[in-house]
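See below for the structure under consideration.
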Amino acid sequence: MEFFDFKIPEGQSGPSGGKPVPPKPAKPAYKRRDEDVSTEAVEVVDEAGNILVKPPDQLELTEAELKEEITRVLTANNPQAPQSIIRYSFKDGLYKPISHVDQMAIHFSLNGNLIPKDSDEGRRQSIKLTTAAEKAPVETSATAPEEAEIKDEERTEDTQAAGEGEAEESGTAEAAEAADAEEPPPPAVKERKLANQFNFIDRPSWTPRYPVRDRACQSEPTPCKTLSDDINQWVIHDAYVEELQKREESKEKEKPKAQVAKKEEKKTKKKGRKLISLDSQSDEMNKISKAAKIVERMVNQNTFDGIAQDFKYFEDDSDEFRDQKGTLLPLWKFQYEKTRRLAVTAISWNPKYKDLFAVGYGSYNFMKQGKGMLLLYTMKNPSFPEYIFRTESGIMCLDFHNDYPYLVAVGFYDGNVAIYNLKKATSQPSYKSNAKSGKHTEPVWQVKWQKDDMDNNLNFFSVSSDGRIVSWTLVKNELVHTDIIKLSVEGTAMQGPEGLQLETLGCGTSFDFHKKIDYLFLVGTEEGKIYKCSKCYSSQFLDVFEAHNMAVDSVSWNPYHSKVFISCSSDWTVKIWDHTIKTPMFVFDLNSAVGDVAWSPYSSTVFAAVTTDGKAHVFDLNVNKYEALCTQLVMNKMKSKITHIQFNPVYPVVVIGGERGFVVTLKLSPNLRKMPKVRT
C-alpha cells in the first residue's frame, strides 16, 4: 500500500456552508522500512493545485489499472493450522489424511470468578445480603457530616459555573440548594460485594490421641500326637466298614429284648433284612467314596512329589550337547497286583480328560488263555486304578468315543465285543454281542468308533482273525452287526467235498480309518499284506500292498498328511507309505520284532515304536531320515517284553505297556518334541 501526503494551501476554505478549516501542517513523506533514508521524495502538483509527495519507487499505473477492482475474500480459516495430518483408520485398516481440521485459534482466555446478578446464584446471594443488612443495626459514623459538607461544596461550585451561562437557571439552582441544605441527608448504606463461594479457609482442630493398648491372654497348649502310616484306598475302605459295623452293633444293643425275640422267631425274613442293611451300607459308601478319592490323591501327590515336579518343570538341558538326539525321562509306574500275570494288550487315552487312560489286559499266549481286566488309570493317582472291570475273556483291544468319553468299546479274545459305560456303577458291560447277534469266531484285534449313522445311532467297527470287518450299531438295547467286507485271499481257493470251492479268508490284525475321508480305511493281515478298502465296496479292495514278510501288528494314518500311513511288523521293520504308491518311502530295521508304532500328535514327522527287546525308538524325519533320535532301554528283556505305546494328546508324555501287566510313563526331552517350522 502506498501513502500520499496532501498539502492544502493556507486560507483555503473547506466545504460550503461550514466553518473555515485551519491550515494543516505538511506531513512528512512516508518511507518504507527497507528503503534507504537518504532517498529523496519527489513532489508532484495535481490538477487542483495540491502538492503530492510521491515516493521514488511508486509504480506508474494507468487509469484502467487504478479503476480495476481487486476482490479479497476474508475467511475464518486459521493460516497456522496444519493441512496434512495423516492418522490410522481402524475401520479401513490403513493410514488416511484428515479432511476436517480445527480452525479455531484462541488468542486470549480468562477464567473469571464473578457471578452474574441475573443468575440463580446471584439472586440467592443478593437476597441473603439484603436480609443480613436489614437485621443489622444502623451504624452512625463520625464522618457523615464531613461527607455532607463536601457534597454541598461540590454542588455550590456546579451552580456557580452554571450561573455564568444563564441567570434564570442559576436562580432555580440556588433555591434547590437551599432546600437541600435545610433537609438532612439520608443515612448512606454501603453496598456489599457478593462473596466468592470458591474461596475456602481450612480451620484444623487438634484432637487428643489415645495411646494404643495391647491385650493378650495365655493358655495352656493342647496336647498333640504325631501319627504316621501308609494309607491307600483299601485301608480307608476297611476303616469305614468297621465303623459301620460298630454302629449297627450299637443300634442292636439299644433295641429292647422283645424286638430281638421277635426277630429270632421270624427266621424267614433274615435274608431280606440283610440285603436291606447291605444296600444302606452301599449308599453310605457312595457318599464317602468321592471324599476318599480326594484324600487318596492328596496322599499320593505328597508321596510322588518329586516325580510330579519333574513332569511339570524338568527340561533336560544336556540336549544342547547331544547333537539333536534326545532321551526319555521315566515318571510314574502303574501296576495292579491282580494283573501281574496278564499282558498289556491295548492302551487308549481319554479324549476329554487328558490325564486318564484305559489299559486292557489279556494274554498273547494262545495256549494259556483266561480272564481279563479293564483298568482306567489317572496320572493324579499312580498307586491304584480309578475304575476296575473284570471280564470272562481276555481283552485284546479298546477305544474311547470322541463325543461321549464315558463310553469304551472293547474287543475280546473269544470274538465278542462290548461297550462299557463309566457312568454306571456296575462292572458289567452295557452292551455285549453274542452268538445270535453275529459275533466273531476268532479274536478281535482292533475296534474303532466311527461317526453316527443316518439315524444318529452310535456305531463302531471291529476286525478279527476270521477275516470279517463288522460294523456294530447301538439300536435300543442291543448291538446290530453288519458285515462290511471279507478279506478274501486271491489264488488260495481250496477243493472241498463234492467239488465245492472253499474260499480262504485272510486274518485281519489291525486297521485304521482315514482322518478326512470317512469311507477309506486300511487293514493289516497276518500274511503281511495291507488292504486299502472302502465302506462302499464289500466285495473288492481298492488296492493291495505287499507290505511285510510277517504279520502286520499295527497300521496308522498320519494325522496331518492325508496320503501317508505307517505300518510295523514282527519282521523287525517299520515302513512309511504313500497310499498312491505301491513301494514304501522309508524302511527302518530295528533289529527286533516291532510290537507297536504310533504317530505323535504335535508333529507330522515324529513317531515312536517299541520292540520286544525292551527298547523304545523315537524318530523325527525332519531331523534325521536314517536313524532314531532316541533308542532307550525301558525294561529288561529277561523280565518283560514291550507290547504297546501311545502318545498323550496334550502333554509331552508317552505311555508304554509290557507283558507283566505294568505300565510306564516317560517324558520326552526337548529334542524329541520340536515343533515343525511354519513355511511362509
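The values are calculated or read from the model by the stated rules, or taken from the named source; none is laboratory data. A quick note: this is a predicted structure, and the numbers were derived from the prediction, not measured. Note that we place each Cβ from the backbone using ideal geometry, even for glycine, and neighbour counts take in every protein chain shown. Areas reflect the complete protein model, heavy atoms only, side chains present, ligands, DNA and RNA absent. Shrake-Rupley method; radii C 1.70, N 1.55, O 1.52, S 1.80 Å.
Considering each of Glu248, Glu242, Glu220 in turn, give the residue that is part of a helix (DSSP H, G or I), more than 30 Å from Asp355 (Cα to Cα), open to solvent by 100 Å² or more (accessible area, probe 1.4 Å) and at pLDDT 60 or above.
Numbers: Glu248 fails: open to solvent by 100 Å² or more (accessible area, probe 1.4 Å); Glu220 fails: part of a helix (DSSP H, G or I).
Glu242 is the lone residue from the list that is part of a helix (DSSP H, G or I), more than 30 Å from Asp355 (Cα to Cα), open to solvent by 100 Å² or more (accessible area, probe 1.4 Å) and at pLDDT 60 or above.
When region 406-459 is examined, which residues are found to be aliphatic (A, V, I, L, M) and closer than 22 Å to Tyr387 by Cβ? Before you say what the answer is, go through the steps one by one.
Filtering region 406-459 for residues aliphatic (A, V, I, L, M) gives 407-410, 417-419, 422, 425, 435, 444, 447, 454, 458.
Within region 406-459, Leu407, Val408, Ala409, Val410, Val417, Ala418, Ile419, Leu422, Ala425, Val444, Val447, Leu458 qualify.
Please find, within region 443-481, the residue that is modelled with the highest pLDDT out of those that are touching a Leu at 6+ places or on another chain (Cβ under 9 Å) and open to solvent by 50 Å² or more (accessible area, probe 1.4 Å).
Of everything passing the filter in region 443-481, Val480 is modelled with the highest pLDDT.
Tell me the residue from Lys371, Lys354, Lys436, Lys432 that is out of contact with any strand residue (DSSP E or B) (no Cβ under 9 Å at 6 or more places or on another chain) and modelled with pLDDT of 85 or more, please. Explain how you work it out, then say what you get.
Numbers: Lys371 fails: out of contact with any strand residue (DSSP E or B) (no Cβ under 9 Å at 6 or more places or on another chain); Lys436 fails: modelled with pLDDT of 85 or more; Lys432 fails: out of contact with any strand residue (DSSP E or B) (no Cβ under 9 Å at 6 or more places or on another chain).
The match here is Lys354.
Which one of these is hydrophobic (A, V, I, L, M, F, W, C), modelled with pLDDT of 90 or more and open to solvent by 10 Å² or more (accessible area, probe 1.4 Å): Phe647, Phe619?
On the way: Phe619 fails: open to solvent by 10 Å² or more (accessible area, probe 1.4 Å).
Going through Phe647, Phe619 in turn, the sole match is Phe647.
Give me a count of the residues in region 568-606 that are open to solvent by less than 30 Å² (accessible area, probe 1.4 Å), closer than 19 Å to Val654 by Cα and small (Gly, Ala, Ser).
Going through region 568-606 one residue at a time, the tally reaches 4.
Of all residues in region 545-557, how many are open to solvent by less than 30 Å² (accessible area, probe 1.4 Å) and either free of Cβ contacts under 8 Å to residues at least 24 places away in the same chain or more than 18 Å from His644 (Cα to Cα) (or both)?
3
For region 314-345, enumerate the residues that are open to solvent by less than 20 Å² (accessible area, probe 1.4 Å), assigned to a loop (DSSP other than H, G, I, E, B) and over 18 Å from Asp620 (Cβ atoms).
Hit for region 314-345 is Tyr336, nothing else.
Does Thr612 satisfy the condition of being touching a Gly at 6+ places or on another chain (Cβ under 9 Å), surrounded by fewer than 22 Cβ atoms within 10 Å (Cβ to Cβ) and of a type in the set (Val, Ile, Thr)? Full working, then the answer.
Working: touching a Gly at 6+ places or on another chain (Cβ under 9 Å): yes; surrounded by fewer than 22 Cβ atoms within 10 Å (Cβ to Cβ): yes; of a type in the set (Val, Ile, Thr): yes.
It is true that Thr612 is touching a Gly at 6+ places or on another chain (Cβ under 9 Å), surrounded by fewer than 22 Cβ atoms within 10 Å (Cβ to Cβ) and of a type in the set (Val, Ile, Thr).
Mind listing whichever residues of region 441-451 are within 20 Å of Ser348 (Cβ to Cβ) and either in a loop (DSSP other than H, G, I, E, B) or more than 46 Å from the chain's Cα centre (by Cα) (or both)? Spell out the reasoning first.
From region 441-451, those within 20 Å of Ser348 (Cβ to Cβ) are 443-451; that's our starting set.
Those that are within 20 Å of Ser348 (Cβ to Cβ) and either in a loop (DSSP other than H, G, I, E, B) or more than 46 Å from the chain's Cα centre (by Cα) (or both): Pro443, Lys451.
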